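Have a look at the structure below, then the notes.
The values are calculated or read from the model by the stated rules, or taken from the named source; none is laboratory data. Not measured: the values here are computed from a predicted model. Areas reflect the complete protein model, heavy atoms only, side chains present, ligands, DNA and RNA absent. Shrake-Rupley method; radii C 1.70, N 1.55, O 1.52, S 1.80 Å.
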Amino acid sequence: MSNADEIIAEIERDPGRFDEYSGELRTILESGAVDARRSVAQLLGDVAEVDPEIGIRHPELLELAFEDADVVVQELAVSTVAAITETIPEIGTDFVSQVTRALADEELTGSSQMDGIAALGKIDRETAMSVSEADEVLASLLHETDAHVRETVAINLDDTVKASPRSFQP
């Protein structure tokens, strides 16, 4: 078992120890093997489900995951932001640009796209931040992806309009 595996196993046993190992996790994301980086990115999402404030305490880890050359690590970063945003949408506002860039990547898979779209929709509806920088990407996804992704875009647009119809009147 590698050092990365030991750290990940320790945090999985006790997510409260995440902060204690954040430096090691950063090192893995910066220079670890692809499998180790994927494991850390998955761990970020797992911990975010029980402790969404890791997005505030350790945004640099998510930023490294978004910047990773491996699309799976990027997809896991999008899913982590979606998990964070589901509980505390305000934290997700710090990652709108990264989610938007990830959604523009043609290699991103449908489930990650749907997670990103849902996160942007929740941020738009439940925070004061506009996600208009994602408009072009969302319009593209509405026309150029599979049916499930198009449906997710349409549903989120519909929910956003219903949440604040006066914002869309001429």
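For Rg/Rh (Cα atoms, Kirkwood Rh), computed directly from the structure shown, the correct entry in (i) 1.01; (ii) 1.18; (iii) 0.95 is (i). For the chain, with all protein chains in place and a probe radius of 1.4 Å, 48% of the accessible heavy-atom surface sits on carbon or sulfur. Asp35 exposes around 110 Å² of accessible area when a 1.4 Å probe is run over every protein chain in place. Computed with a 1.4 Å probe over protein heavy atoms only, the accessible surface of the chain comes to 51 Å² per residue. Does anyone have the angle between helix 110-126 and the longest principal axis of the chain? Alpha-carbon axes, 0 to 90°, nearest 10? Around 70 degrees separate the two axes.
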